[in-house]
Every structure is written in structure tokens, then in C-alpha cells.
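The values are calculated or read from the model by the stated rules, or taken from the named source; none is laboratory data. If you're wondering where the values come from, they're calculated on a predicted model, not measured in any experiment. Methodologically, a virtual Cβ is constructed for each residue, glycine included, from the backbone with ideal geometry; neighbour enumeration extends over all protein chains shown. With ligands, DNA and RNA removed, areas are computed over all heavy atoms of the protein, side chains included. Shrake-Rupley method; radii C 1.70, N 1.55, O 1.52, S 1.80 Å.
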Amino acid sequence: MTHTINAGLACFLLFPTGPWGRCMGSECGPGGSQSRAVWCAHSEGWTTLHTNCDQSQRPDNQQRCFRVCDWHKEMYDWQLGAWNQCVPISMRNSGVQRPAICTRAEEGIQTREVGCVQKANGEPAEDAICEYFEPKPRLEQACLIPCPRDCVVSEFSPWTSCSKTCGMGLQNRIRSVLAPPLFGGSACPNLTEFHTCHLGLCAGEESLYSVRVGPWGPCSVPLPRQTAELIKKKRTRNRQNRPGGKSWALQIGYQTREVNCVHKSGTVEALSFCAEASVPITYQACVMSKDCEVTEWSEWSACSKECYDPNGPKGERSRSRKVTQFPVGQGAGCPELEEREPCSPLGDKVPPCIVYSWKATEWSECRVDVLLSQQDRRRGNQTGLCGGGVQSREVYCVQSAADSPPPPPPPNLALRPVDSDLCLGVPPNTTQFCHISCPVECEVSAWSAWGPCTYENCQDQVAKKGFKLRKRRIVNDPTGGMGNCPHLVEAIPCEDPSCYDWLVVRLDECVPDNDSSECGPGTQNPQVQCVNSDGEYVERQMCRDAILPMPAICEVPCPKDCALSPWTPWSLCSHTCSGKNTEGKQTRARSILAYNAGEGQGIPCPNVSSLQEARSCNDHPCTVYHWQTGPWGQCIEDSSIPATNTSAGRARGDDNSCSIGMQTRKVICVRVNVGQVPPKKCPESLRPDTVRPCLLPCRRDCIVTPTATGAPAHQHARQRKQHRKRIVIQYPANGGQDCPELLSQERECDAPSVCQGYRWKTHKWRRCQLVPWSVRQDSPGAQETCGPGLQVRAVSCRKQDGGQADVEACLEHSSPMPALTQLCQMPCQEDCQLSAWSKFSSCSADCVGVRTRKRMLIGKSKKREQCKNHQVYPLTETQYCPCNKYNAQPVGNWSDCILPEGGRVEGQLGMKVQGDIRECGQGYRYQAMGCYDQDNRIVETSRCNSHGYIEEACIIPCPSDCKLSEWSNWSRCSKSCGSGVKVRSKWLREKPYNGGRPCPKLDHVNQAQVYEVVPCLSDCGQYVWVSEPWSVWKVSNVDLKDNCGEGVQTRKVRCMLNTIDGPSEPVEDYLCDPEEMPLGARNSRLPCPEDCVLNDWSAWSPCPLPCNSNSTRQRSAYPLRQPGEGKECPPTTETEPCKHNTNCFHYSYNITDWSTCQLSDRAVCGSGIKTRMLDCVRSDSKSVDLKFCKELGLERKWSMNASCVVECPVNCQLSEWSPWSKCTHTCGLAGRRRTVVQVPQGDGRPCPVQREQWKPCPVRPCFSWRYSGWSQCKAEVRAVCGEGLRFRNVSCFVSDGSGQELSLVDDELCGDVDFSVDGDINITLQEACTVPCPGECYLTEWTTWGRCQLSCMGGDDLGFGSVQVRSRAVVAQDPENLLQCPEQEQEARPCTGQCFTYSTGRTRQMCLNATRTYVAMCVLAVKSVLQTLCGVRFLQAGVCGCEEGYTEVMTSDGLLDQCTVIPVLEIPTAGDNKADVKTIRAFNPTQPANSSPGRSFHFLIFKLSIILSAPLLHSCFNKEKEKTYPCGFSEAAVLATQAVGKIERSLKDAL
């Protein structure tokens, strides 16, 4: 039973295996082993014993392996196979259905083989070896399969004329291939369509044969032996007599050709079938081709540079060779006859070269332009502006030594300027930024309080004269020393001066005089300190002569006495001095704290008037004196001090090194508000200096360069002028010699020298040489002494003056060599010979009469009757005299508005400030006038009596800068306590126009243009509360007996301006801190007699920091009146808990934002300082006095000042206008340019847009050589077909340079023009061609290469390559020879193209395809639109279709490409058999195809039923080209054609 169960389980048991482990072994290579796990498991996944599984099925758990080591990496590698063809996913996955219509590239997968191989021999190896080093490369990748693209052809050309004038002929129309079939697309259709034509019956029998000529054979000279020597001698004799000798040796030979008789079917027959027609000659004379031969190179010429300069440009040397044999016929042309190479002279005797270097004048004065933000009408004089600016200088080129910089010129002498083109390096800058130091104004502090009466000099107290002084100090040192500051000390005379005095610091408590009593009269001892006149503590012995203050009398009230408060401090003195109407007073007050016990009991309270006291103060007279200084005078040379080297100082321009002088000033004693008084009234010890030393500036003379000779600089008023100038390199100063008045000169230029020219001279044509009679004698009608031949001539080179020149000179400098041979005709006896035409006779006047020319018969022709036929051989020609009428008319546009010369503005001291050019005002503009004849051909303007221009005044508007308002008033400081900011601003008054300086950035909130923000500090103690003494108690609960009880006291509290002398004047209460306002009334209990009386509470003690609710603060008071018996004093100390932000505060510094950059008052830009401030902020965010933070010793780690820069307003600076360019012989414009020397910065004036100016040149006729079109290919007169020639002419044309149509004129007018067409000197006037024989079927010429075709999607190239194509169509002439027609041909080649993206046009709705042409029409009546067109999805519903008579042509990605006409077949035969459409194979676009043959002739006759009535609804917009294109059929459209019948069979039936 168990066995049965085990047998049943065995069916469900198997041996799973694990992965193979790492290959192990002691040696590298195949000797390793690897193992894996093998176990027994049930099919459901649980494991069991090995014995339960079939042991015969157990897999191996070990195997041999290849143990890989690191050095195996050099022996094995992955071998990658090529990617296979891309297979659509639908073919790999049966569930995926392939789309029926390909709308875009289909997704696919391509695979490749990858294996591990040995590098040495490519033997396969285990993949594990290569996987040890790198993962196995992928075997599959995604790919795209492009949709098939059918062949695209153009529209048909018009029908040709009938191939026959009678009988049955053919008409052809052809088209070309625009895009080849790609990726399996449909092949190209036939490029040719034929249909029969019949213009009528032929009058006679149709000619079946035609004479066809073949191409000429090679030129050869077979000579009979017996005459060779004779001819050789004759040729040698002719060569010796010919100009040029051997180099012009020409050998005349002959060439032959085949002449056949061809049947119209194309078969060649005997010439006898063509006997009716005269047979063309089969020979002609020719010149034997010879290649060009030259001599060996000559020796190198000497180096053009004769000096040594390692850093300069090199010289040049050349060598040449001469022509020994010129090319003849089709011989190879001559090589280069001259070689040039750079060189440098070598040797010890080579002198150094002249070197040129840049020099510069001294910098002009620094010029500062005011900022727009600082425009102010109150600043009318801007001469005091300072800060950043711009200065300029002139740069010129001078000659210097080669090995050292130019030595400094001696005084008053400079190097001569030369042409700037000689200096090769970069010229130095002509402008630079500069800085004018701003004058620092003297700033002083406020006056201190008046000091005590002190001696003028405490060291000398004999005079017994005293002064009270008050002082102020310099806060900011001024430029030029303290002499520019106001007086710092004022003095008032006084009596009883002393230098030291006792100062009462405090009074001790009142001590009763009666020691046994605790109350009653007493005294207060003063605590004193010795101070000097400045209030500084000094040693006590210094006050030994001063009177020590006496103790003060006081009263300690007894329990029943009146109790009074202590006296308040003395108030500030009401006046600083005393006079007749003014007297200084101080007051103090006290108040009643408790009344006495009653009548007769205790000391009563004083009356109200006794509660206040007054005393005199500042009783000195109001006579204030001070020393007043005048300005420093001119620096005068001090003869007592020896002068330094003055000349050296002048040479260097050092203003501080010439000599030392002296300056003086006036010092007087002034009484304030009176004027000058005797000096004894002022303290002599404080008298300022009246003399100081100074530095004398050096005398500087003007220094100019020697006169620079100039080349012709400009063309003015149609006359060339030459100018020269001297440059000021140092301007005079400090009384130096002035500059000369004349710095530039101008004169007329000398007549320009004429360059040597060369021309060809042609010699007489030689005698006409015939083809040898041995060759001609078998030709019918040939005569030995006449017939066609060839004649030669020699050419030589001449100078323009007629002198001899080497031929090489003409080859290099003249027109192409004239022809050396020409065809000729040796007349036969019966031929008529005529002389050349004479010149036309002259006309007596234009438009009157006729003119004639004549020729005459010569030789025996005079006697031949046939030659006397004047209709065939006219001897006279007559033509009307030319009727020349001329009219002038404007040509081209108006020139720019040009200002007259000399518009430059001179700067200060005559220095030319670069860029200050007059850019506006009245100028003139010009328009050229052309002169034309009656045929509208341009001629010289002199024929129209015109000087060639129309001149008209014009205006260049002047630039207007942005204009701002004046500064507004400063705003209040943003904070009343601590640091804040104040602001002022400017508003826009006028916008800039015509290129004026732009406005600063506009603030759109309040339209303010410019802000200036400066820090401000509001002293927290600037405004203080001042309270008057408390009023007398008003007891509400009156005890008539004791005058005590509950009551109220009031006092007046005012906000006052706090000064250095204390509160001075009342101000508005809102300026003071309301939280700090003292109480104006208080309720309290008036002590009764014998009650304890305390003074007012002291201030609260500070809470300990940090704030803690467990901490407390306290205040105290002391008893002024002791209580009576049985009574006690109330507590003299009060305590309250410390509460955060109530009575306990934390403090911290707060840093403000940076201010705007602050400059000095007169500065407009440049370096400045920006500031910020510290605030002390309480923990409840209230700004408080800085002393709270200072007392805590908080860290101050911030910098309060920082340097900053205000960008300077640099105007755009332009160079001077260049000279006008030359007007060439051809037509055009003269121009001049200028460049930007300094780009604008900040709010400087921008650069003008116009950097170039053009004005028309005088309109001269522009002559040029032009080709005519090719003539039709024609065979020889006696031949019908075969090899032929086509010709074109080169003629002289004239134009006015405006690009309009050219006019043909006489060739003589182009005599001065190089004989070339569009720059090509190789003129080709004829070329070989082929004339098809009647009935022959042939291929057309190749079309031009079509547009580049790419596979694009969304504007991106899919990477399938790009291709362009050209084609040849078939042309047939006879229906009988159609089967012998060649195949049509097409070629493709790779190209480089571009993909575009498209969008829908907005204005005109059209539908455009990828070639930017109209492709589809949508019917508006049914509101149909194309949902997906040009990459744009439309929201309207509907479909875009084609009109009736058109069929839809789709692109490869499923979009409508075009609507094309449906061809209608009309066959002039019975039956309606459909023709086969023969195809051409598709080819790879990346592989050029030489020819793709295919049957291309099928006779389709189309009736073009074009219906264009549909409205246009959609368009495509090319984003790259930014254009919407009009409609039209696409060049890249696919022509869809219906299947047609088999034309061959139908045509045979018809025939």
C-alpha cells in the first residue's frame, strides 16, 4: 500500500535546479568546475526527500567550466552582428492588427546576433566568458518603418507642335520626376504622353530617307613621303618670318566624319537612297592640338624687404617662367607662370627696418555730463561739476627705431605723424573714464554752551583780561585745509577771569544745627570738584585760589511744621547774554507737601510767591567777537627759497615740482552784527595764520607735431583734394606759449599718374589653307584650288603706348588671348567675290536724311552675270540717319540727408572732443539724374546738359533728452525716534525723442522717475516732555482744623524742543513720545500735622535681565518730616514684579537698509558712499534711544558705511566720417562710414542709428558683356540630322545700375570692359549637340536636380535619409517607331534638406502642404473643414474633401496632400482597352542611382477638366520662414492616375 502511494506521488515529483555557481579552479582556462543545487519537490512547490524522486531523472549538480581570469579580457570580446530588417510589431504579435492605411511611421523591432568570440581568430566562445567583464549587449531594439512614398511627378508641359507638316505625326507633352518612390512606394508613371496629329494629306510622296552626319574625327596630318621634306622646309621658313617664332607654331591638319543615309525606321541605307540631296562634305581643315610648354623656373628674385624686422610683416620674392609653346586647339593650358613666397632678408649687413608705433596726445580735460536725475534749472553753471567723467585724446602713427621704443622728443618738439595704415598694432584707446575730485565742504558742529570767564591764556595771567568762550568743532575736513571753514571760537569779554573753579557736584542731606534735635534749622555741605575752563576735572590743588562754595542753609521740618519739597534744579538761562532790553534769568520752584498743625503750632507754610526763586544769569553784555579770515591769495614765488629744476618740471608736465611760493590772507577781528573792530578785542592767542607756503604750477607751452603730409583724403564738389594737419599734443597752461592758429591745410591734388597697361595686338590673317587634295579628290564636286579651309595669325603683346612687351604681361594683365585660327573659304572660279562693306556715310544732322555704305565685286566676279544680281548680292545698303533725342530723368532713390562739412564742435581750450559731432540741422539730399536716348538707353549725362544731380534741402531733427522736474522737498524722516529715511523725487516733464538721452526707469505707481533716499536720524531725545511744578493741593475732603486729607495736584506738561542748552521752545505734543508723557494730575492724601511726610518717589530700579516673572523692581523715598509721637512713616520702598514688555524689556540692535549712493554736492557720478544706521529696538518693537543698547554692551558687528559707484552718463561717441568712397566706372553709390568709439553707458545719449551714409554717384552708362540664348541645334545645311552645333552671341549691353532691364548697344561701347561674362573669361559661343533624324525616338536633356526630399514628422527629420532626383523623358516623332524608343531615365543622389513646421493661417484660410503650396479645397457651404491638416487640429466638425473632377492625394502620414485633376482618357480608336501602367523600381534614397530604366511611353490623351470654384478655407503658416504662401499645385504632390488601356495594341488597331 505504501509503495502504491509512493508510486502515485512520483508522478508529481521533479528535480528543480538552482543557478550554476561561480566557476572554481586552481588554474585559469577550461579546467574549472562549478556546481548548483538540486532537490526534490512536488509540483505544488513543497520539497521532500531525494529518495522520493526518480533518481534516474536527477540532473547533474556539477559540470566543468571555463575559469575566467582578468587577463582573458585581452583575448575575448563581444561580436555584434548587423541589425536585421525592421519587422512590424503586428507581425511578431498575432494579437496586434496592422493598420490598413499607413498614416505615420510604423513601430517595429529589429534583432541582431551577439556572441562571445576570441579576438585572435573569431572562434565562438561561451557567453559567460565575456559576461564576466561586461553585460551582454541587447539583442533587440525598437525601430520605425517609414510609410511607402509614391513617386511624385510634375504637371505636363504644353503639347508640342506636330512632328510632321503633313500626314500622320505625333504631339508630345512631358513631365519630370520631383520625388522618387521610396520605401516600397508606387513607381513613377510615364513621363511622356503622345497623341497623333494630322495636318493634312501630303502633296507628294513622303520622303523616307535622311542624310545624317556623324561627329568629326581627330585631327591628323598624313603626308606623302615625297613632299614631306619640301613642306617641312616651307613651314620652317614661315615660322621664322612669323612674330613669336616657335611659340606660335601652328600645324594645319584635317579631320573627317561619316555621312550616312538613314531610313525613317532608323536603319542605315546606301547613300544612293539620299542622292536627291547634296551630300555634306566629309572633311575639314583643323589645327593640330599642342599642349602649353614652359621654361624652367628662373632664380628667385631679391626679397622686396631690404631691412630686418622680426616682428613686422615679411617681404616677398618671386620667380617666373616663360611660355615656349602656347596651347593650340584642344591642348592643355599653361600652368602658373609666376610664384611668390614670403621672405626676410638675412645677413649681418642688413639694416634694421623703420618701425612705426602709435603715439597719443595728452588727455583732454575731464568732462562731466550731468545726470538726468540731477538736472536742475537752479544749476545754471555746470563748471563746478565733479565726480566721474570722460576724457579723450587723439592717436597718431609715428616712425620709431626698430629695436627700441621712440625716444622722448625734446621740449617743444614732437615726432612727425605718418599714415595710420603703417602702424600695424591695435591703436590705443581714444577715450577713458576719469574722475574730478569733488570739493569737500567744511561741516561744523553746533555751538557749545558758553564757558566760564577765563583768562585768554592761563599761562599768562598778568593782563587780567578775561573771556567767555563757546566753541564748535569741524565735523568734516574740507578740501584745501581748515582755512575754508568758518570761525570755530567766539569770545565775550568778562571780568574777574579764572582758569579753574569749584564745581558743586551735590549737596549732602540737611543736618540740624542742634545736635540734640532731629528737626529745625540746619545746613547742607556741598560736595565739590575742581574743573578747568572747559569743564574737565583737574587736581584739587589747581583750585587753591578759587573760593570754596559755602554750606547751604536748610530746614528739617518738625512734626507740626510745614513740609516743603526740595528745590527743583535751576532752569536754563533765558538769554545767552544781557543788554539794555534783555536780561538772563533762571528760576527754580518747590511745593507744599504738608501744612503745619495750625495757628501757633509749628512753622507755617510760606506764601505762594515764596515757593519760587529767580536769579540773574549770563549777565555779560551781548558783545561777541571772533576772528574772521579772508580767502588765500595767489601763490607768489618766494625769493628766499631756492627754486628746483624748472625746465625738467616743464618737460614732464609736473605742476608740483617747479618752485615753492607763499600765500597770504587777511585776518580781522569782527564783532557780531557790527563789523570789523580793533584786533585787541579778540583773543590774540586764537588768531589764525596769515601766511602759508604753496607750490607754484609750472609754465607749459603748446607743443604740436610737425606737419603730416596727407594722401588724397576725400572727394568734394567733384574735385579731389589733399589735406595735411598738425596735431596738438600738449596745450598751453599757466602762461605758456599759445598754439598756432593754423593747424590744417588743404589743396587741390596733382593729376593722378596713369598705371601702365597692356593690350593684345593681332597680326594679319595668313593665307587660307585647304585640306590636302589627296583627301578631297574623291569627294563629288571638289576642286583642287578652292573650298573650305583654315587660316591662322599671330598675336603679340603691346604696352598702352605701343611699345613691345612680353607675352606673359598680357596673359596676366590683359583680356583673354584673341583667337589664332578661323575658318575660311577659298573661292572657286564660279563663286562671287565681294569686298568688305565700307563705313556708313556721315549724316548732315540728326533725324535728317539717310546714310549709305557700299561694297564691290572683285576679280573675275565683275564679269559673271550671276554675280550682277543685286538682289542676291546687294552692293549698297541704306538706312535712315539716327534720330538721337535725349531726356533727363531721376534715377534711384534720394540719398541720406547729409550735413555740410565742418560740423564738429570744438571743446574747451580748442581741444577736439571726440564724438561731439553736430548731428542735426539743415543738410542736403541728392538724387542722381540719368540721361536717356530715344530708345530709353542710358548715355552720358552731358548729352542732357545736366551735372548729374538733383539737390534738395532737408532737416535732420535734433535729439531732445528726457527732461525731469526739479527735486521735490525732502519728506519727513520715516521715524521720529531712531534711524529712518527721507525721500525726494523728480517727475517726468518731457519724454526723449530723436535719439535723446533716455529716461530712467519709470515707476508706474506714482509716475516718479528718479528717487533719492538718504538716511536720517531722529534723536529720541530731540523732543522731551517738560513738566512744571505741582500746583497747590486742592483738598476735596477738607479738614478745616488740620488742612489735610484726600486731594488733587495738577501741573502743566508741554512737549519742547531739546537743545544742547536744554529744552528751548514748545512744539506740538505729537512730536513727543506719548508713552513717556508725565502725569498732569495726581490724586493723593495730603498728610495731616504730625504725619510722616515723604519726598516724591524715586525712579524705579531696572529689572534684571533677562526678564523673569520672579524678578522684581523697586523704588524708594525718604522722610522729609518725621512723624509725631505714636505715628509711623509709611513704607519707604515699593516693589512690583517684572513683567516682560510691560516694565521689563529686552533690547537689540536693528540694522537699516542701505541708503542710495551719496555723492558730494557737486558730483554727478563716480565713487560715493552709502550708509546705514543702527536702531536700538525694544522687545515690544519700539525704537528707543541707542543708550539702552550701549548700556547693555551689545555687540556692534556691522559696518555703517560702504563704497558705491553711481554709473557715469557716458554719451555715445562716434568717430569722424570716413572719406567718401570712390565712384567706380561702373554704376553704384558712394558711401562713408563711422564707428562707435565709446558705447553709451548709464543714461548717456544713445548711438545714432545711422552709421553709414550713401549718396548716388553720377549716373554713367554701365556696360557689360552678356550672352544671348542658345540657338536651336542645327546640323549642317546639307544634312538633316546627326551631329550639329548650337550657337550664342556675346553682345554689349548697357544699364543705369538700378537692376532694370539691360539694353543692347554697339559692341564698340564695351571696348574698355574686360571681355568676360559674369566674371568668367572663358567665353563659350558654340557647343556640339545632336539633331534627331525624322521619325527617331530620343531622350530629352536631364532636368535640373529637384528639391531635397526628407522624411519629417512634427518638423523633425526621422533620419531615413534625404534624396533629390532628376529625369529624362522620351520624345517620339513617328508612330511607326514607338517600339524602338529608349526607356525613360531618372537619377537620384543624397542631399541636405530641412524640415518645417506648419500652422493654420489666420487671415486667409487655405490648406498648404509641406512644399508650401495649395493642397486642398474645402466647401464652405457645407461647413466642412479638415480636422488634421498641417499639424493643426480644428475644433469644427466635418471633413475636407475635393471638388468634383479632383481626387484626393494623401501624404505618407495620412494627411491630405493635394486635390489633383482626374485624367479623362480620349483614344481616337474603337474599343476601350485599358493600358498597363508600367512602373520603375523604387530605390534607396541614400544610394545615388545612375539610371533607372523602365518603359516610359504610353499614349494617353488627357482632357484637363480643371474646376476651381471651391472657396479656400485653410492655410499653413511656415514658422521658420514666417510667411503664408498662396495656392498652387504642389511640386511634391503625388499624381494619382486611373488605369488606362494597353496603348500599344490600341494604337496598332488605330493605324
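A few remarks follow.
- Taking residues in region 1094-1112 that are over 19 Å from E1191 (Cβ atoms) and in contact (Cβ under 8 Å) with a residue 24 or more places away in the chain, and partners anywhere that are aliphatic (A, V, I, L, M) and surrounded by 13 or more Cβ atoms within 10 Å (Cβ to Cβ), the pairs with Cβ atoms closer than 6 Å and at least 6 places apart or on different chains are L1094/A1117; N1095/A1117; N1095/L1120; W1097/A1117.
- Against the test of being part of a loop (DSSP other than H, G, I, E, B), in contact with a helix residue (DSSP H, G or I) (Cβ under 6 Å, 6 or more places away or on another chain) and at pLDDT 80 or above, the options G1335, G1269 yield a single qualifying residue, G1335.
- Residue within region 1344-1355 that is at pLDDT 70 or above, among the hydrophobic types (A, V, I, L, M, F, W, C), open to solvent by less than 30 Å² (accessible area, probe 1.4 Å) and out of contact with any Lys or Arg (no Cβ under 8 Å at 6 or more places or on another chain) present: yes
- Scanning region 339-357 for residues that are touching a residue at least 40 places away in the same chain (Cβ under 8 Å) and either open to solvent by 60 Å² or more (accessible area, probe 1.4 Å) or part of a loop (DSSP other than H, G, I, E, B) (or both) turns up E339, S344, P345, V350, P351, P352, C353, I354, Y356.
- Residue, nearest to P1375 (Cα to Cα), within region 258-286, restricted to residues that are in contact with a Cys (Cβ under 7 Å, 6 or more places away or on another chain) and open to solvent by less than 60 Å² (accessible area, probe 1.4 Å): V262
- Test: residue in region 686-700 that is of a type outside the set (G, A, S), within 30 Å of R724 (Cβ to Cβ) and surrounded by 13 or more Cβ atoms within 10 Å (Cβ to Cβ): yes
- Note on region 1146-1183: among residues that are hydrophobic (A, V, I, L, M, F, W, C), at pLDDT 80 or above and assigned to a loop (DSSP other than H, G, I, E, B), the one that is most open to solvent (accessible area, probe 1.4 Å) is W1154.
- Candidates V1249, V1205, V1237, V1177, filtered to the one that is among the β-branched types (V, I, T) and more than 27 Å from the chain's Cα centre (by Cα): V1177
- Residue within region 440-459 that is exposed (fewer than 13 other Cβ atoms within 10 Å of the Cβ) and charged (D, E, K, R) present: yes
Matching residues to (1) more than 14 Å from Q822 (Cα to Cα); (2) surrounded by 15 or more Cβ atoms within 10 Å (Cβ to Cβ):
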{"residue": "P772", "(1), (2)": "yes, yes"}
{"residue": "R776", "(1), (2)": "yes, yes"}
{"residue": "G787", "(1), (2)": "yes, yes"}
{"residue": "A794", "(1), (2)": "no, yes"}
{"residue": "R798", "(1), (2)": "yes, yes"}
{"residue": "G802", "(1), (2)": "yes, no"}
{"residue": "A809", "(1), (2)": "yes, yes"}
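- The residue that is modelled with the lowest pLDDT, among those in region 76-91 that are out of contact with any Lys or Arg (no Cβ under 6 Å at 6 or more places or on another chain) and either within 30 Å of R22 (Cβ to Cβ) or surrounded by fewer than 12 Cβ atoms within 10 Å (Cβ to Cβ) (or both), is M91.
- For region 525-584, filtering for residues that are under 16 Å from V505 (Cβ atoms), small (G, A, S) and either modelled with pLDDT under 85 or open to solvent by 40 Å² or more (accessible area, probe 1.4 Å) (or both) leaves 2.
- Given (1) at pLDDT 85 or above; (2) of a type in the set (V, I, T); (3) surrounded by fewer than 18 Cβ atoms within 10 Å (Cβ to Cβ), index of the condition V462 fails: (1)
- Tally, over region 1066-1110, of residues that are assigned to a loop (DSSP other than H, G, I, E, B), farther than 26 Å from S591 by Cβ and in contact with a Leu (Cβ under 9 Å, 6 or more places away or on another chain): 2
- Within region 1189-1214, residues that are at negative phi and charged (D, E, K, R) have Cβ atoms under 7 Å from residues that are at pLDDT below 80 and open to solvent by 30 Å² or more (accessible area, probe 1.4 Å) in these pairs: E1207/Q1241; E1207/G1242, counting only partners at least 6 apart in sequence or on another chain.
- The strands (runs of 3 or more DSSP E) located wholly in region 27-74 that include 1 or more residues which are at pLDDT 85 or above, within 25 Å of A128 (Cα to Cα) and open to solvent by 90 Å² or more (accessible area, probe 1.4 Å) occupy 62-67.
- Of all residues in region 1115-1126 being surrounded by 13 or more Cβ atoms within 10 Å (Cβ to Cβ) and either free of Cβ contacts under 8 Å to residues at least 12 places away in the same chain or not small (G, A, S) (or both), the one that is farthest from S517 (Cα to Cα): R1115
- Region 792-843, residues that are among the hydroxyl-bearing types (S, T, Y), more than 29 Å from T295 (Cβ to Cβ) and modelled with pLDDT under 80: none
- Only residues that are touching a Phe, Trp or Tyr at 6+ places or on another chain (Cβ under 8 Å), open to solvent by 20 Å² or more (accessible area, probe 1.4 Å) and part of a loop (DSSP other than H, G, I, E, B) were counted in region 176-204, giving 1.
- Selected residue (criterion: farthest from the chain's Cα centre (by Cα)) from residues of region 860-891 that are closer than 30 Å to E830 by Cβ, open to solvent by less than 60 Å² (accessible area, probe 1.4 Å) and of a type outside the set (A, V, I, L, M, F, W, C): R864
- Given (1) open to solvent by 40 Å² or more (accessible area, probe 1.4 Å); (2) closer than 30 Å to E258 by Cβ; (3) of a type outside the set (S, T, N, Q); (4) at pLDDT 80 or above, number of the condition C1281 does not satisfy: (1)
- Restricting region 933-963 to residues that are open to solvent by less than 20 Å² (accessible area, probe 1.4 Å) and in contact with a helix residue (DSSP H, G or I) (Cβ under 9 Å, 6 or more places away or on another chain), the residue that is nearest to C883 (Cα to Cα): D933
- Some residue of region 309-320 being among the small types (G, A, S), over 49 Å from the mean Cα position of the chain (by Cα) and either open to solvent by less than 50 Å² (accessible area, probe 1.4 Å) or under 30 Å from P218 (Cβ atoms) (or both): no
- Matching residues, region 1184-1201, being in a strand (DSSP E or B) and open to solvent by 30 Å² or more (accessible area, probe 1.4 Å): N1201
- Residue that is most open to solvent (accessible area, probe 1.4 Å), among those in region 647-675 that are modelled with pLDDT under 75 and of a type in the set (S, T, Y): S647
- Those residues of region 1089-1109 which are open to solvent by 70 Å² or more (accessible area, probe 1.4 Å) and either in contact with a Ser or Thr (Cβ under 8 Å, 6 or more places away or on another chain) or over 10 Å from C1144 (Cα atoms) (or both), in sequence order: D1096, W1097, A1099, W1100
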